[in-house]
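S.K.: Got a structure here, written out as structure tokens. Questions coming.
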Amino acid sequence: MEGVNPLLNADLHCHSTVSDGTLEPEVLAARAKANGVELWALTDHDELGGQHRAMAAARAQELPYLTGVEISVTFAGTTVHIVGLGMDPDDKALLEGLRATRGGREQRAREMAEGLAQVGIKDAFEGALRYVGNPDLISRSHFARHLVDSGVCKDIPEVFRKYLTEGRPGFVPHRWAALGDAVRWITGSGGIAVIAHPGRYKFTPTEEYALFTEFKQHGGQAVEVVTGAHSQAEYAKYAGFCTEFGLAASRGSDFHSPDESHTDLGKLPDLPGSVTPVWALLAERVH
């Protein structure tokens, strides 16, 4: 792998069955290799349980691999995701921080199910649980799959629109980790912290500037510039943020499922030429 090649087909953001994806880590590794990915990371939500499996599968595919995670944080009343890359997946402080972050998911899910029951959708918690198996990792995506498969809605976007966004009957907010804590867990375990898909957050320009400023102050070093949720205009916007804040640029599809994701593994445009790719900072951490 050329450590500083900005045109490398790196996919450093995706999810497996260990969190809210639908494919096993081994299947994702094979899919990434088949799609021409040259550097891969599995970044399950708040969970490192798939890392050793992903690493072994990538090695079997002769696919360079970076450890990864996506940590949920609350910033300015909004859920923001921070990707960690190149961390030690056995680091005790990181594991404990993620365990605490996951701890609120089951209670939140039960409250979501209560809200859905009030509008006539019964047993949604049990239904969602069939898609995950571990209450610690249950999420809105699992509820959405249950509501589609049971015929309540025709597709995932309809579920979110009608039931799982703010003001709808199944929406329950959750307070996640603090931004500074998440960045420190990642950097303290040898990794680099990345703001995931910043174009998805509905921040005012002032709030967004505050997010980047605070992230940088805590030791964050990169931002996802090219990702499945971004437009071409956002590629350019966040490449500019890299220059303004002195951040490296990351690239990842945020792939969850062949049936649900807009962008497949390895099918993103290249990073803009003006940025420093995050893998230039992580050459020593590639497996």
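S.K.: At 222 nm, what helix-only mean residue ellipticity would the chain give, in deg cm²/dmol to the nearest 500, using -39500 (n - 2.57) for each DSSP H run of four or more?
M.R.: After summing the helix terms and dividing by the residues of the chain, the value is -10500 deg cm²/dmol.
S.K.: In debye, nearest 20, what is the charge dipole magnitude of the chain about its Cα centre with +1 on Lys and Arg Cβ and -1 on Asp and Glu Cβ, if you could check?
M.R.: 440
S.K.: Here's a follow-up. Kindly provide the GluC sites (Glu not before Pro) of segment 1-109 that DSSP labels as loop, not H, G, I, E or B, and whose Cβ sees at most 15 other Cβ atoms within 10 Å.
M.R.: Those satisfying the criteria are 2, 62.
S.K.: In whole angstrom, and with the biggest value first, how far do the Cα coordinates of the chain range along each principal axis?
M.R.: 55, 45, 38 Å, listed from the longest principal axis down.
S.K.: Where the centroid of each part is defined by its Cα atoms, how far is segment 32-57 from segment 188-242 in Å?
M.R.: Using only Cα atoms to place each centre, the spacing works out to 22 Å.
S.K.: Normalised by the empirical 2.2 N^0.38 Å for globular proteins, what value does the Cα Rg of segment 163-219 take?
M.R.: 1.37
S.K.: log10 I(q)/I(0), Debye, Cα-only segment 41-94, no solvent, q = 0.25, 0.30 Å⁻¹?
M.R.: Relative scattering, expressed as log10 I(q)/I(0), comes to -0.94, -1.17.
S.K.: Quick one: the Cα spread of segment 135-287 along its three principal axes, in angstroms, biggest first?
M.R.: 47, 35, 32
S.K.: List the equivalent ellipsoid semi-axes of segment 109-183 in whole Å, largest first, each obtained as the square root of 5λ for an eigenvalue λ of the Cα gyration tensor.
M.R.: Listed largest to smallest, the semi-axes of segment 109-183 are 22, 14, 12 Å.
S.K.: Compute the normalised compactness of segment 1-58: alpha-carbon radius of gyration over 2.2 N^0.38 Å, N being the residue count.
M.R.: 1.11
S.K.: So what are the ³J(HN,Hα) numbers for segment 277-285, from phi and the Karplus equation (6.51, -1.76, 1.60; θ = phi - 60°), rounded to whole Hz, Gly and Pro as x?
M.R.: Working through the residues one at a time gives x, 4, 5, 5, 8, 10, 4, 6, 9 Hz.
S.K.: Can you give the FRET efficiency for residue 149 and residue 233, using 1/(1 + (r/R0)^6), R0 = 45 Å, r = Cβ-Cβ distance, to the nearest 0.05?
M.R.: With a Förster radius of 45 Å, E is 0.80.
S.K.: Based on alpha-carbon atoms only, what is the radius of gyration of segment 68-138 relative to the globular estimate 2.2 N^0.38 Å?
M.R.: My calculation over the Cα atoms of segment 68-138 gives 1.34.
S.K.: Taking R0 as 35 Å, what's the FRET efficiency between residue 267 and residue 162 from their Cβ-Cβ distance, rounded to 0.05?
M.R.: Computed FRET efficiency for residue 267 and residue 162 comes out at 0.75.
Every number in this text was worked out from the coordinates using simple rules, so none of it is lab data. Nothing here was measured: the structure is a model prediction, and the numbers come from that model. Note that we place each Cβ from the backbone using ideal geometry, even for glycine, and neighbour counts take in every protein chain shown.
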